[in-house]
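So that we are looking at the same thing, I have put the structure below in structure tokens.
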2 protein chains.
Amino acid sequence: GWVRSIRSQKEILFLHINDGSSLENLQVVADSSLENRDLTFGSAVEVQGKLVKSPHRMQNMELQAETIHVVGPCDIWSFPLKMKQRQPLEYIRQFPHLRCRSNTLGSLLRIRSEATAAIHSFFQDNGYVHIHTPIITSNDCEGAGELFQIETSSGARESAEKTHFFNVPAFLTVSGQLHLEVMAGAFTHVFTFGPTFRAENSQSRRHLAEFYMVEAELSFTESLQDIMQVMEDLFKTVTSTVLSKCPHDVALFHKYVSPAQKSDITHKDFFFFSCRISYSEAVEILKQASQSFTFKPEWGCDLQKEHEKYLVEHCGDIPVFVINYPYDLKPFYMRDNEDGPQHTVAAVDLLVPGIGELCGGGLREERLPFLESRLQRLGLTDAYKWYLDLRKFGSVPHGGFGMGFERYLQYILGVDNIKDAIPFPRFSHSCLL
Amino acid sequence: GWVRSIRSQKEILFLHINDGSSLENLQVVADSSLENRDLTFGSAVEVQGKLVKSPHRMQNMELQAETIHVVGPCDIWSFPLKMKQRQPLEYIRQFPHLRCRSNTLGSLLRIRSEATAAIHSFFQDNGYVHIHTPIITSNDCEGAGELFQIETSSGARESAEKTHFFNVPAFLTVSGQLHLEVMAGAFTHVFTFGPTFRAENSQSRRHLAEFYMVEAELSFTESLQDIMQVMEDLFKTVTSTVLSKCPHDVALFHKYVSPAQKSDITHKDFFFFSCRISYSEAVEILKQASQSFTFKPEWGCDLQKEHEKYLVEHCGDIPVFVINYPYDLKPFYMRDNEDGPQHTVAAVDLLVPGIGELCGGGLREERLPFLESRLQRLGLTDAYKWYLDLRKFGSVPHGGFGMGFERYLQYILGVDNIKDAIPFPRFSHSCLL
């Protein structure tokens, strides 16, 4: 393991060694004669000795060292991490190759790993087929924001007129949904969990250019309720697993990283999802708010961050499902509620305290004529001929959702900046390593 | 589910319905009066009735239908998949949005999903931390082949002189190894399982532009033997799981897709890994071969596909580890064996019948002076300053490997073309959907 602290007391040397398996260190007790020049904070060591029951109440076991071998020394003067210092996350973000050695990022990455495993298990246990939806896609007109385009590195240097590697322009995916819908025509339950990309020039604490999304699609599903139930079950199951597998890591966040924030994974809020309002109700709530907003709430307009924040507070600072959004606000694949001529669609967003939108989903328009006329009006009929095929051949009512994985981690841990919820953050002007 | 077959007999209607949960269909028995125009092959149906023990020995249960509702009809004349026809994989590859509805791709995707889950479980059960290594990276000089470069889609249309979204040129990753090595400085065992990219203009049946790789890195490991052991354990555990969870799906491949090939997952070969030879021995074997090669085998040259094939046959058509490759053949991070002045490095490739290279790995050069002088000679010292830092601060002996996931599936199932081992294949001149 690596030396996390070192202390000489009389003739005894105390070391704390960590091998990354948990936040807790192993205490090593040695004769001070074993101390040497290379034995410093950050150095890698191999210790041989006897594991004994510790006399101290803070730990169960300690290692009585017979030999200490410094495998890799560490120059503490140039090493950016310092012993016994809780350095700010902004500071350690400058060292993407070393920050995983800090307690905070170590805990974050262990939690992230457990949450990843729990997500796979949740879906597998519920009979979902896992699909690797493609990263490179020729679909470019989903309207989910600015895209990244790809070229061969030799091609990129030449004129843009040359032929493309794939013959067609190719982009990094913004969502696996449409590809999951392909699979929902053969498997009743499918999911994907992979990277998605947005080329937005945002420096917000909630946006990355490369982030992970969990997406699921359910066939033979006719109600938004079913979709919301899966969102809720996923959230609860994964959060319970993380809580039981990484109690110390989670406690570190709640104690040191976000003590002032409401985020407390053990609080009942995390397991309380009963607030469900329609978009129309949401707009009414906002209109009647005593608070004044920068963006005036108006039926037919997107909910802004300030609106989401107010709604969550209004509902008692718990997760809130907002359903049935205006038809014109949502993409072509959302299912028309037929509550008026193209009035609302069966879409749902999950808003959570401190973050805003955590999940988005809905029922998909499975009825060929509705979809055809909408695509025609948008001039997308040719581009989505393959998508129309899914409705021509054995179409079924279905729906699904996506959850931003880093936002989920931000929410359960109270991590202020999304850049600290991913091992190697990519955002505009920054792609370190 | 979806109708897979339909048969009228006297006054009885027999349907086979499939919901994607397994290769096996559910037999539905109905009064022929329930037949209607929309009830065709490929249509989506909801059937209500009684599940009873089947009188036929081919199935346990059947459904005695009371009502059959066609949720989504299917125009069998324009539907590219046909009833009772085993269409060639090349044919169905033309329909990336429908091919998952064929038996073969259905089985492949269920197996792929189980293998994915088994890989996550294997590493989690063995104490590995899962890391999402980045897809977009600014490292461009690993020498693992032609890269894809990314730009914002608006930027791509303009001059190449403009500023980059990330300020620096950015590429799609060819491997998560270097980023895993960062993590191996904090966690003893780490792994990643994600997409990797090569822009090679290859139409081979073993190459994709976008493919999945399982990669692991182990700290405090001083022997290639340890790395090979993990490769072997991973292979055996995942294969056993797939075999026990998807016996019918696997049987379909061995019966219909690759009957002539040696690939039989139940055969002992799959669990027999005892052949380990050094690169030098391999070259000697090739030199003494009675067979003549297009590329003359010579110490210091890469093993060609024809060589790999011969070596595997020579060893008895079983997986073969080849170790200790020439120093100059391998990337800068491979550990010098010091068996001569820069003679060989501790690298290992796993060759398997029918495929060739399935895994590649090795020990990494953990000794700062060795690494510094090698990077200096290559003129890469500045680009890899961060990588040298990993050796300056608490460096440890470590190593790891990567396994191509689609090649793994090709191998265990006997899939001839790698394009049929991934849901949405991307290769030069092709990026459908």
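The values are calculated or read from the model by the stated rules, or taken from the named source; none is laboratory data. Predicted, not measured: the structure shown is a model, and the values here were computed from it. Every residue, glycine as well, gets a Cβ built from its backbone with ideal geometry; the counts of neighbours run over all protein chains shown.
May I ask you to list the residues in segment A:402-433 that are assigned to a strand (DSSP E or B) and without any contact (Cβ under 8 Å) to a residue 40 or more places away in the chain?
A:SER430
Would segment A:351-360 turn up any residue that is in contact with a Ser or Thr (Cβ under 9 Å, 6 or more places away or on another chain), under 27 Å from A:GLU406 (Cβ atoms), at pLDDT 95 or above and among the hydrophobic types (A, V, I, L, M, F, W, C)?
no
Looking at segment A:238-258, is at least one residue modelled with pLDDT of 95 or more, surrounded by fewer than 17 Cβ atoms within 10 Å (Cβ to Cβ), assigned by TED's automatic domain parsing to the domain that holds A:LEU109 and among the β-branched types (Val, Ile, Thr)?
Among the residues of segment A:238-258, not one is modelled with pLDDT of 95 or more, surrounded by fewer than 17 Cβ atoms within 10 Å (Cβ to Cβ), assigned by TED's automatic domain parsing to the domain that holds A:LEU109 and among the β-branched types (Val, Ile, Thr), which makes the answer no.
What tally of residues in segment A:177-193 results from selecting those that are facing another protein chain (nearest Cβ under 8 Å) and polar (S, T, N, Q)?
Of the residues in segment A:177-193, 1 are facing another protein chain (nearest Cβ under 8 Å) and polar (S, T, N, Q).
Filter segment A:1-11 for residues that are of a type outside the set (A, V, I, L, M), in contact with a strand residue (DSSP E or B) (Cβ under 9 Å, 6 or more places away or on another chain) and either assigned to a strand (DSSP E or B) or surrounded by fewer than 19 Cβ atoms within 10 Å (Cβ to Cβ) (or both) and give the result.
A:TRP2, A:ARG4, A:SER5, A:ARG7, A:SER8, A:GLU11
Listed here are the residues, each with its yes/no results for (1) more than 10 Å from chain B (Cβ to nearest Cβ); (2) in contact with a Gly (Cβ under 6 Å, 6 or more places away or on another chain); (3) among the β-branched types (Val, Ile, Thr).
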position	(1), (2), (3)
A:SER219	no, no, no
A:GLU232	yes, no, no
A:THR237	yes, no, yes
A:VAL250	yes, no, yes
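Report every pair of residues separated by at least 6 positions or lying on different chains whose Cβ atoms are under 7 Å apart, first residue within segment A:178-200 and part of a strand (DSSP E or B), second of a type in the set (Asp, Glu).
Once the first residue is part of a strand (DSSP E or B) and sits in segment A:178-200, its partners that are of a type in the set (Asp, Glu) give A:VAL190/A:GLU217; A:PHE191/A:GLU215; A:THR192/A:GLU215; A:PRO195/A:GLU210; A:PHE197/A:GLU210.
Scan segment B:61-76 residue by residue and report those that are acidic (Asp, Glu) and not in a strand (DSSP E or B).
B:ASP75
For B:PRO341, are the conditions met, namely being in the same structural domain as B:TYR384 (by TED's automatic domain parsing), exposed (fewer than 15 other Cβ atoms within 10 Å of the Cβ) and not in a loop (DSSP other than H, G, I, E, B)?
no
Residues being within 12 Å of B:ASP336 (Cα to Cα) and outside any helix (DSSP H, G or I): count how many of those fall in segment B:361-383.
6
I need the full set of residues from segment A:94-142 which are at pLDDT 95 or above and among the charged types (D, E, K, R), in order please. If you could, list the steps in order and put the result at the bottom.
First, the residues of segment A:94-142 that are at pLDDT 95 or above: A:94-137.
Across segment A:94-142, the qualifying residues are A:ARG99, A:ARG101, A:ARG110, A:ARG112, A:GLU114, A:ASP125.
Can you tell me which residue is nearest to A:PHE220 (Cα to Cα) among those in segment A:348-391 that are of a type in the set (Lys, Arg), surrounded by fewer than 17 Cβ atoms within 10 Å (Cβ to Cβ) and within 14 Å of chain B (Cβ to nearest Cβ)?
It comes out as A:ARG367.
In segment A:91-114, how many residues are assigned to a helix (DSSP H, G or I) and free of Cβ contacts under 8 Å to residues at least 60 places away in the same chain?
4
Out of the residues in segment A:143-162 that are touching a helix residue (DSSP H, G or I) at 6+ places or on another chain (Cβ under 9 Å) and modelled with pLDDT of 80 or more, which is farthest from A:GLY362 (Cα to Cα)?
A:GLU151
Which condition does A:ILE323 not pass, out of (1) more than 21 Å from A:GLN229 (Cβ to Cβ); (2) in a strand (DSSP E or B); (3) of a type outside the set (Gly, Ala, Ser), if it passes all the others?
For A:ILE323, the failing item is (1).
I'm told A:PHE79 meets every condition in (1) surrounded by fewer than 19 Cβ atoms within 10 Å (Cβ to Cβ); (2) assigned to a loop (DSSP other than H, G, I, E, B); (3) without any contact (Cβ under 8 Å) to a residue 40 or more places away in the chain; (4) in contact with a strand residue (DSSP E or B) (Cβ under 9 Å, 6 or more places away or on another chain) except one. Can you identify the failing condition by its number?
So the condition that A:PHE79 fails would be (1).
Follow-up question, since we're still on this one. Answer yes or no as to whether A:ASP416 is surrounded by fewer than 21 Cβ atoms within 10 Å (Cβ to Cβ), in contact with a Ser or Thr (Cβ under 8 Å, 6 or more places away or on another chain), of a type outside the set (S, T, N, Q) and more than 10 Å from chain B (Cβ to nearest Cβ).
Considered against the rule, which asks whether it is surrounded by fewer than 21 Cβ atoms within 10 Å (Cβ to Cβ), in contact with a Ser or Thr (Cβ under 8 Å, 6 or more places away or on another chain), of a type outside the set (S, T, N, Q) and more than 10 Å from chain B (Cβ to nearest Cβ), A:ASP416 comes out as yes.
Sticking with this structure for a sec: Identify the single condition in (1) within 10 Å of another protein chain (Cβ to nearest Cβ); (2) more than 28 Å from B:PHE193 (Cβ to Cβ); (3) touching a helix residue (DSSP H, G or I) at 6+ places or on another chain (Cβ under 7 Å) that B:ALA65 does not satisfy, given that it satisfies every other one.
(1)
How about segment B:52-69: which of its residues are under 14 Å from B:HIS16 (Cα atoms), surrounded by 10 or more Cβ atoms within 10 Å (Cβ to Cβ) and among the aliphatic types (A, V, I, L, M)?
Matches in segment B:52-69: B:MET61, B:LEU63, B:ALA65, B:ILE68.
Follow-up question, since we're still on this one. For residues that are of a type in the set (S, T, N, Q) and buried (at least 17 other Cβ atoms within 10 Å of the Cβ), scanning just segment B:12-27, find the one that is farthest from B:ILE68 (Cα to Cα).
It comes out as B:ASN25.
Would you point out which residue out of A:VAL348, A:VAL312, A:VAL322, A:VAL352 is touching an Asp or Glu at 6+ places or on another chain (Cβ under 6 Å), closer than 30 Å to A:ASN417 by Cβ and of a type in the set (Val, Ile, Thr)?
Answer to the check: A:VAL322.
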